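None of the figures in this text is laboratory data; all of them are computed from the coordinates on show. This one's a predicted model, so the numbers in the text were calculated from it and none came from an experiment. When we count neighbours, we look across all protein chains shown, and the Cβ atoms used for this are built from the backbone with ideal geometry, even at glycine.
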Amino acid sequence: MSSVSAHRWSEKYPHLGQGPIPAEPCVSEDFYRREIAAVFNTCWLYVAREEEIAEPGSYKVKRLAFAHTSVIIMRGKDGAVRGFHNVCSHRGNKVVTESGEETYGHSKAAVLSCRFHGWVYGADGALINVPEEERFYSCFDKQQNGLAPVHADVWEGFVFVNLAPEPPQSLHDFLSAYGDHMSGYPYAEMDYCYKYHTYLDCNWKIAHDAFAEAYHVNTIHAGSFPDVFSTGLSDVQLFGPHRTCGVCLNMNTAPEPVAAIAQKHARGSLVAKAEGTMLPPSINPSAREDFAFELSVAFPNLLLHISEGIWFTHQFWPLAHNKTLWEGKYYVRAPRTNSERWALEHAQLLQRNAWLEDTQTMENTHRAIASGVKRIINLQDEEILIRHAHHVIAECMSAAE
Ligand code: FES
Ligand SMILES: [Fe+2]
């Protein structure tokens, strides 16, 4: 008989309790408004990879609809990464015309020029040129009319912003032990990215929760990964508002013949076993042979997963109490041969199918909870990451009120 307690995580983290959690925060408009203020407007939020703005003068614009804004992340000639609201100081037009949730650009001179009347800003946000400036009045002060700055900082190549006028913590202090745990992985070396996004009619927490447990793998992923993963987690660790765990393989399942060939050609599959490791020593501390990937959450809305030869993120951006933008990005080393490229495409297609399976549950969950028929959500021990997420949000809300 196994000596592992069926309640091991609640025994490790008794402050989270064992009872059901309320369903109302997932569907309430009032809760949503307070949550945006207490969580999203005060926490550090991941918005860009440094590789996306590698050159001086490169920039990325990321929409943050929950705050009715978008932010420009720009690298200056001095190499520094800075953040600004994408709002012109003249008549409020968007300085960079956006082409979607994410917009990329590059300026050789490292300046931003508003398309409407041609005001020009430096990469430090200063207003440096105003056409026909003499027609403005003596009260107009160029120095007071730079771009509105947004706090931005970088951890392991991940660019975060904080919309608070004065963030309560630096990014380093915010990530703290979680940042240490997830550091030392070669993120930047694997910059060949497959990206997906979609809009879901559900609360952002319902989307987060559907990705934050492995209890569903045998049911939801019977198509993409039949019998491949274990439903239990390994090495759950909570770091302040952040959380992490390992997801493990069912070692008795052999890969499908085509998957087995793909796994020989490239490291791009979550389920391939590999010689040697690229994982930092903090990951898989119990050295489990069946370890597949680390499933971690940087509070509030970044799921960061790392494995051998592949890492990926999910992000859940609130658009309304019942609407969420989901973004999934999957990173591998760029293929060097056609067979490597084929193997990576194969691995990615399986992963894409799994994500389609995951996202398929979310709108139904939201609609069913919104009916009001069930007032509580029952969680088992292996759903501890969800319990922790709701606990942290409740703590943020009570601290803010
Ligand atoms: S609104 Fe930007 S230059 Fe006029
Ligand atoms: Fe899943």
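Mind listing the phi-derived Karplus ³J(HN,Hα) values for segment 350-358, rounded to whole Hz, using 6.51, -1.76 and 1.60 with θ = phi - 60°, and x for any glycine or proline?
4, 5, 4, 4, 4, 5, 5, 5, 5
Could you give the nm distance between label points at E345 and E189, where each point is 7 Å from its Cα heading toward the beta carbon?
Taking the two extended label points, one gets 2.6 nm.
Under the 0.36 nm per residue contour assumption, what length would be gained going from the current alpha-carbon distance of N252 and T198 to full extension?
Gain on stretching N252 to T198: 16.0 nm.
Relative contact order for the chain: what percent, with Cα pairs under 8 Å and sequence separation of 6 or more?
Dividing the mean separation by the residue count of the chain yields 21 percent.
Give the aspartates and glutamates whose C-alpha is closer than 14 Å to that of K62, dropping any in the same chain fewer than 8 places away, or say none.
By straight Cα distance, K62 reaches E50, E52, E98, E101, E102, E327.
So who's got an amide H within less than 5 Å of the one on H242, skipping anything under 5 residues away but keeping other chains? H placed 1.01 Å off N, in plane.
So H242 has HN proximity to F299.
Modelled label-to-label distance, A260 and A126, 7 Å Cα→beta-carbon offset: nm?
6.5 nm
Going Cα to Cα from K142, which lysines come in below 21 Å? Please leave out same-chain ones fewer than 8 positions away.
Qualifying lysines at Cα under 21 Å: K94.
Please report, in Å, the Rg and the Dmax of segment 45-166, where both are computed over Cα atoms only.
14.1, 47
Show me, for segment 250-261, the HN-Hα J-couplings you get by feeding each phi into the Karplus relation (A = 6.51, B = -1.76, C = 1.60, θ = phi - 60°), rounded to Hz, glycine and proline as x.
Once θ is set to phi - 60°, the couplings for segment 250-261 become 8, 5, 7, 9, 7, x, 4, x, 5, 4, 5, 5 Hz.
Along Cα→Cβ, 7 Å out, is where each label goes; now give me the distance between the ones at I376 and N364 in nm to one decimal.
It is 2.4 nm.
Mind pulling up the Rg/Rh value for the chain? Radius of gyration and Kirkwood radius, both on Cα.
Using only Cα positions, Rg/Rh for the chain is 1.00.
Just checking the chain: which Cys have no other cysteine's beta-carbon under 4.7 Å?
Cysteines of the chain left without a disulfide-compatible partner: C26, C43, C139, C193, C202, C245, C248, C396.
Distance between the C-alpha centers of segment 1-62 and segment 165-241? Whole Å please.
For segment 1-62 versus segment 165-241, the Cα centre distance is 9 Å.
Residues of segment 366-401 with backbone nitrogen within less than 13 Å of a virtual label 7 Å along the Cα-to-Cβ line of R288, please, listed as ranges.
382-383
Quick one: what are the phi-derived ³J(HN,Hα) couplings along segment 8-21, Karplus 6.51/-1.76/1.60 with θ = phi - 60°, whole Hz, x for glycine and proline?
Listing the rounded values in order: 4, 7, 6, 6, 6, 10, x, 5, 7, x, 10, x, x, 10 Hz.
Nearest 20 debye, what's the magnitude of the dipole of segment 45-166 about its Cα centre given +1 on Lys and Arg Cβ and -1 on Asp and Glu Cβ?
For this selection, approximately 320 debye.
Name the long-range amide H neighbours of L249: under 5 Å, sequence gap of 5 or more, or other chain; modelled H, no Pro or chain starts.
Counting only residues 5 or more places away or on other chains, the set is S230, F291, A292.
Exceeding 28 Å between C-alpha atoms, which entries from my cross-link table qualify? They are K12/K205; K77/K323; K264/K329.
Result: K77/K323 exceed 28 Å.
How much mean residue ellipticity at 222 nm does the chain get from its helices, if each DSSP H run of length 4 or more adds -39500 (n - 2.57) and you divide by all residues, to the nearest 500 deg cm²/dmol?
Only helices count here, giving -7000 deg cm²/dmol.
Which length gain, in nm to one decimal place, applies between S99 and A80 when the Cα-Cα distance is subtracted from 0.36 nm times their residue separation?
Contour length minus Cα-Cα distance gives 4.4 nm.
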